[in-house]
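Throughout, read-outs are computed from the coordinates displayed, never taken from laboratory work. Worth saying up front: this structure is predicted, and the values here are computed from it rather than measured. So basically every Cβ, Gly included, is an ideal-geometry build from the backbone, and we count neighbours across all protein chains shown.
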Amino acid sequence: MSIVYLAIILGLIQALTEFLPISSSGHLLLARAALDFDVVDGLTFDVAVHVGTLAAIVVYFRREIGEVTRGFLRTFVRPNLRDDVEQRLAWYVIAACIPAGLAGALFETQIEIYFRHPGVVVFTLAAGAVLFLAVERWCRPHKTFDEITLRGALFIGLLQTLALIPGVSRSGITIAGGMIVRLRREEAARFSFVMASPLLAGAGLKKGLDLVGQPMGQPEIVALVVGVLTSGLAGWLVIRFLIGFLRRHGLYVFAYYRFVLAAAVAAYLLITAPN
């Protein structure tokens, strides 16, 4: 398969599974069974999709990110967290990022060893689906993005650490967490994506530094450019769809889809298991 087409396909998969609460791990497992991933260098493509998905978030949520950025800068000039909503939001977003950042830095190796297994993906896909059904059944969210509390932000941040386990879905677990602390579905998604922007920026920077000094031929450059453009444009469209969808509908369809995907991954494992 042409490297351009492969980069487009992988960029679309990344955009869809990064933002929709359906988990990237299960989809990438099935995609690897059908596609020749060796055509695209893994590190190059990781950088591309991190840059692309970050760009999608920054463009779509430019107003919210602008508010948070202004609030953060204003705390060094006129600190007033009690009365300034933008200042509070800035530090709540930072606080929510800390647990996942620390967990990733401290336990990345252990997670790779003990949890990056297809069987884990089957379990976490199904568990996430059960969580979605539970929050839709018992939670009554009514708050907006600006009304989140420090306790609520930290709770969402702690749940976000679970997304380090394959199959959980970062957007899914944080949207569900937002609903648990009474944020409306679309408002929970807004907080989830704004919170993701510094994490994606940090991950992209780290992987970009790893790429410095490595020789890049034309195939790698093509994969990088196509991956950024595809994941960025597709990511923006997916975010727009999801926010609109969550205004009118619940998480049920994503829960049922996760059950189906868990069954598909389990079937794939059974078929490919050695006799």
Out of Ala188, Ala95, Ala31, any idea which swings most in a Gaussian network model of the chain, alpha carbons joined below 10 Å? Ala31
Taking Cα atoms, how many degrees apart are the long axis of helix 42-60 and the longest axis of the chain, rounded to 10 and kept between 0 and 90? 30
For Lys143, the residues 5 or more places away or on another chain with a placed amide H closer than 5 Å to its own amide H are Leu183, Arg184
Sequence gap at least 6, Cα distance under 8 Å: using those rules, report the relative contact order of the chain to the nearest whole percent. 37
Over the stretch 3-272 - Rg/Rh using Cα atoms and the Kirkwood inverse-distance radius: 0.97
Multiplying the sequence separation of Glu112 and Val4 by 0.36 nm and subtracting their Cα-Cα distance, what value in nm do you get? 35.9 nm
Summing -39500 (n - 2.57) over every DSSP H run of at least 4 in the chain, dividing by its residue total and rounding to the nearest 500, the 222 nm mean residue ellipticity is -26500 deg cm²/dmol
Once you sort the root eigenvalues of the Cα gyration tensor of the stretch 130-230 as a ≥ b ≥ c, which label holds: rounded (a/c under 1.5), prolate (a/b larger than b/c) or oblate (the other case)? prolate
List the trypsin sites (Lys or Arg not before Pro) in the stretch 42-113 that DSSP assigns to loop (not H, G, I, E or B) and whose Cβ has at most 15 other Cβ atoms within 10 Å. Which are they? Arg82
